[in-house]
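Here is the structure we will look at, set down as structure tokens.
Derivation of every value follows stated rules applied to the coordinates shown; laboratory data play no part. Here the structure is a predicted model, which is why all the values come from computation and not from measurement. Counting neighbours? That spans all protein chains shown, and the Cβs are built from the backbone with ideal geometry, glycine included.
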Amino acid sequence: MKNIAVIGAGTMGNGIAHTFAQNGFKVQLIDISKQALTNGIATITKNLDRMIVKEKISETDKINTLNNISTYTSIKEGVEYAGLVVEAATENIDLKLSIFKTLNDACPNDTILASNTSSISITQIGAVTDRPEMVIGMHFMNPVPIMKLVEIIRGYNTSDEVTTTIMELSKKLGKIPVEVNDYPGFVANRILMPMINESIETLYNGVAGVSEIDTVMKLGMAHPMGPLQLADFIGLDVCLSILNVMYDGFKNPKYAPCPLLVNMVRAGKLGVKSGEGFYNYSENKKAEKVANQFSQK
Ligand SMILES: NC(=O)c1ccc[n+]([C@@H]2O[C@H](COP(=O)([O-])OP(=O)(O)OC[C@H]3O[C@@H](n4cnc5c(N)ncnc54)[C@H](O)[C@@H]3O)[C@@H](O)[C@H]2O)c1
């Protein structure tokens, strides 16, 4: 497996492309937005430069990594030779189902189709293809080049062979894969999102302020960053969407998103990506400082 197509050049897509390319794979990075592709390559370049400064890679590694990535705005052209597709487009079920229908028709018959979805059912995604046994979840964590975990999600029909291939491939990227079954939120978000939601509820109820809540969890529980800051990094829209998937999937009110989260998303306060969430990132330097702090952990 030499050619990896990555769909979506946003926060996760550019990190996934970076990680495969740095490990010697040829990456076809695909996005409907030319601007997203330009921004994605700029982010990868900046992150590679940061790794050079930290003496983790050489200038030659940077050049080789960038040379391994080519960009496309058409899925059909980008996936022509792909052995694996990792879909990391916007977290929206209709969008993902439509992308996987396109992939099913456009990819060679032996291409494995993976989704980086945070919460959408892999079984449901697999069901719109003619190859549900070759559809799997490959849930990378943010920031992808740094975080070790990949949650590997087996859909109801995912084959043992495909699961083994993807577990082994993840190890080749220097990651630690963990196999889980396909239920709403999988493992990572089923545990993380109720904690984030409860932190927002605690703020909403006036129990404590943003910095107080995050400080309690950082210093008291040894979390590398507080849950409200983490929510800003993930994107408040992404958090809301994951909570809604769990709320609908389990029909259990314990996953109901806090009204403050709903209001903030409606108001366009999405966290780091919009410049403001629970913290203000309007000065670029401030956001970069927080990012640097996180990447050092
Ligand atoms: N942000 C996180 O911390 C995080 C962590 C783990 C998993 N995820 C998951 O990763 C996926 C991507 O999230 P993100 O935060 O990178 O989103 P993002 O908004 O940063 O990027 C999404 C990209 O998808 C592109 N896109 C939309 N429709 C497309 C299409 N039809 N074809 C090609 N590209 C298309 C958009 O132009 C955009 O550049 C989601 O499924 C999300 O749940 C996110």
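Within a straight-line Cα-Cα reach of under 17 Å, Lys254 cannot be paired with any lysines, leaving aside sequence neighbours fewer than 8 residues apart in one chain. Rg of the Cα atoms in the chain, relative to 2.2 N^0.38 Å, amounts to 0.99. Of the cross-linked pairs Lys56/Lys96; Lys56/Lys175; Lys26/Lys175; Lys2/Lys62, those separated by over 28 Å at the C-alpha level are Lys56/Lys96. Computed extension gain for Lys34 through Lys148, at 0.36 nm per residue and net of the alpha carbon distance, reaches 38.1 nm. List the residues of the stretch 72-95 whose backbone N lies under 12 Å from a point placed 7 Å from the Cα of Thr102 along the Cα-to-Cβ direction. Once the point is set 7 Å along Cα→Cβ of Thr102, 72-79, 88-90, 95 turn out to lie under 12 Å by backbone N, inside the stretch 72-95. Between amide H atoms placed 1.01 Å from N, distances below 5 Å from Val6 occur with Gln28, Leu29, Ile30, Val86, all of them 5 or more places distant or on a separate chain. Taking the Cα centre of the stretch 3-181 as origin and assigning +1 to Lys and Arg Cβ atoms and -1 to Asp and Glu Cβ atoms, the resulting dipole is close to 560 debye. Restricting the calculation to Cα atoms, the stretch 190-289 yields a radius of gyration followed by a Dmax of 13.2, 42 Å. Computed over the stretch 104-214, the percent of Cα pairs more than 17 Å apart is 59. Proximity of backbone amide H atoms, modeled 1.01 Å from N, is registered between Glu179 and Ile152 at under 5 Å, excluding neighbours fewer than 5 places apart on the same chain. Between the exposed loop cleavage positions of the chain, defined as chymotrypsin sites (Phe, Trp or Tyr not before Pro) in a non-H, G, I, E, B DSSP state with at most 15 neighbouring beta-carbon atoms within 10 angstrom, the longest gap is 157-297. Net charge dipole, the stretch 190-289: roughly 140 debye, given to the nearest 20, about the Cα centre with Cβ charges of +1 for Lys and Arg and -1 for Asp and Glu. Local charge for Tyr247 was computed over the other residues whose Cβ lies under 13 Å away, with Lys and Arg +1 and Asp and Glu -1, and equals +2.
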